[in-house]
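Chemist: Have a look at this one before I ask anything.
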Amino acid sequence: MATHLDLEEQEQLDQLKHFWSQYGNLITWVVILVLGAFAALNGYNWWQRDQATKAGAMFDELGKAAQAGDADRAAALFVPLKDRYARTAFAEQGGMAVAKAQFDKGQLDNARGTLAWVAENATEAEYQTLARIRLAGILLDQKKYDEALRQLDSATSKEFEALAADRRGDILMAQGKKDEAKAAYQKAWKDMDPKIDYRRLIEAKLTALGAAPDADKSAGATLGAETAK
């Protein structure tokens, strides 16, 4: 009986050796790749968390400087933030904060450069668009109208269409193109949420151009008629 078991085990062992000699190398590489992918995923997740933590700490310092009106310190902190963590949300948010501080200090050229970076490098379309709208405003102040309009041409986020149209109207008005400005303001007024107070400013611009929107007046008249009934 023992001899029979020994022979059977030997046969199984021979089969295993044959199988391993044929497929062992492939199996080893598959296992290595699977384990390597798992380790890489864990490593990448750790790296992302580490990046976010470091970028967040830097952003906090930048935000404090910007709120304190220290545009130079905020700008200095923004340099390593955008260089090391350009693909994080902290970089685009930090850029917007720095640009505002620079603008408030009258550093228009510096603000232009910061906004241009955000417009070109932000990972979210909303930040790209908002940066371009603000950049167009600075270019308007500097009377660089064509360049300002080009920035708005690239401001494509749906959420800020109304603001982009309003800014376009301002630029066209500065160029003396009243009819085109009126069309831009009308688009801005139409696209703007009626609950947002800024819509009143757009309405005032249209009124000044002799094109006061009458949608609200019509709605009021309809409501009055229904009440009378």
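Chemist: Taking 0.36 nm per intervening residue step and subtracting the Cα-Cα distance, what contour gain separates THR53 from THR156 on full extension?
Modeler: 34.0 nm
Chemist: If the only charges are +1 at each Lys and Arg Cβ and -1 at each Asp and Glu Cβ, what is the size of the charge dipole of region 72-229 around the Cα centre, to the nearest 20 debye?
Modeler: Using only the charged Cβ atoms, the result is roughly 160 debye.
Chemist: Right, another one. On the full set of protein chains, 1.4 Å probe, figure out the accessible area of ILE202 and give it in Å² to the nearest 10.
Modeler: About 0 Å², ignoring ligands and nucleic acids.
Chemist: Longer than 19 Å from Cα to Cα, which of LYS54/LYS82; LYS143/LYS178; LYS64/LYS105 are they? Say none if no pair is.
Modeler: Correct reply: none exceed it.
Chemist: What is the extension gain from ASP141 to ALA76, computed as 0.36 nm multiplied by their sequence separation minus the C-alpha to C-alpha distance, in nm to one decimal?
Modeler: Contour length minus the Cα-Cα distance gives 20.9 nm.
Chemist: Show LEU206, LEU77 ordered by accessible area, largest first, where the area counts protein heavy atoms only and the probe is 1.4 Å.
Modeler: Reading off the accessible areas and sorting them downward yields LEU77, LEU206.
Chemist: Let me ask something else. At a 1.4 Å probe radius, which order do THR156, THR207 fall into by accessible area, largest first?
Modeler: Ranked from most to least accessible, the order is THR156, THR207.
Chemist: Could you give the dipole magnitude of region 149-196 about its Cα centre, charging the beta-carbon of Lys and Arg +1 and that of Asp and Glu -1, in debye to the nearest 20?
Modeler: 120 debye
The values are calculated or read from the model by the stated rules, or taken from the named source; none is laboratory data. Everything numeric here is computed off the predicted structure, so don't read it as measured data. Using ideal geometry, Cβ is built from the backbone for each residue, glycine included, and neighbour counts are taken over all protein chains shown. Ligands, DNA and RNA are excluded from the accessible area calculation, which covers all protein heavy atoms including side chains. Shrake-Rupley method; radii C 1.70, N 1.55, O 1.52, S 1.80 Å.
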